[in-house]
């Protein structure tokens, strides 16, 4: 954000909207999901999309953004201004902090791999039998899932996953993407999105919730709000992009999940760009 020309331009505009130095505050604020961390993620994703655009003469055939990437995708598709995306990101982050301080304080989202659908169904049936609440928050790949559940069941879930050959990974706090968060969606619409303008996308915008196109301003608005209460279905996105004849996936952002799982790498030639790789490439050119 300090040394890359594309990022500096995005940071300057973000600073003007925010009224403070994003870089300075990001350096001083811990946490992967803090307000400034989410703002930095948005800025870097779009700066890297800018970088990709300069590197290629081929215009994008479609754009998508899973989970937190949705707002960046809406900007790149021409449906949301960058300034409004900054305001939305900051507003959503503050609202989530406020909401999860009071509500669902015992709920987390656990990710795990190497768990076939039939094995997962067995585990979920056991939770049903025990009367435990849960919700699938993300389908990353056929055998890679994120499950929201109460924290006291985490140890049991980890043991149960390992018993069927599964691999528990990381735990998200606050939790994400659950139909239980309807009040959060309502507040986001009333307190954050109400003052934001949307336009019809100028690029095909593929939604992370179902792989469907969002072709109008109203559809984009509802899609971003529905992200609070509906799971991400990445395999559906992959299928939709392949159905459009897309063979190369240009990744704008640091990602170790969606664009690295087999359903993605088997379907596309993946061309990544993260802040680290772009700056390393610049140093090699200079040398």
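The values are calculated or read from the model by the stated rules, or taken from the named source; none is laboratory data. This structure is a prediction, so every number in the text was calculated from the model and none was measured. Glycine also receives a Cβ, built like all others from the backbone with ideal geometry; neighbour counts cover every protein chain displayed.
Some points to look at:
- Residues that are at pLDDT 95 or above, under 24 Å from the mean Cα position of the chain (by Cα) and assigned to a loop (DSSP other than H, G, I, E, B) within segment 144-174 comprise just one, 166.
- Taking the conditions (1) within 16 Å of the chain's Cα centre (by Cα); (2) surrounded by fewer than 19 Cβ atoms within 10 Å (Cβ to Cβ); (3) in contact (Cβ under 8 Å) with a residue 12 or more places away in the chain in turn, residue 23 satisfies each one other than (1).
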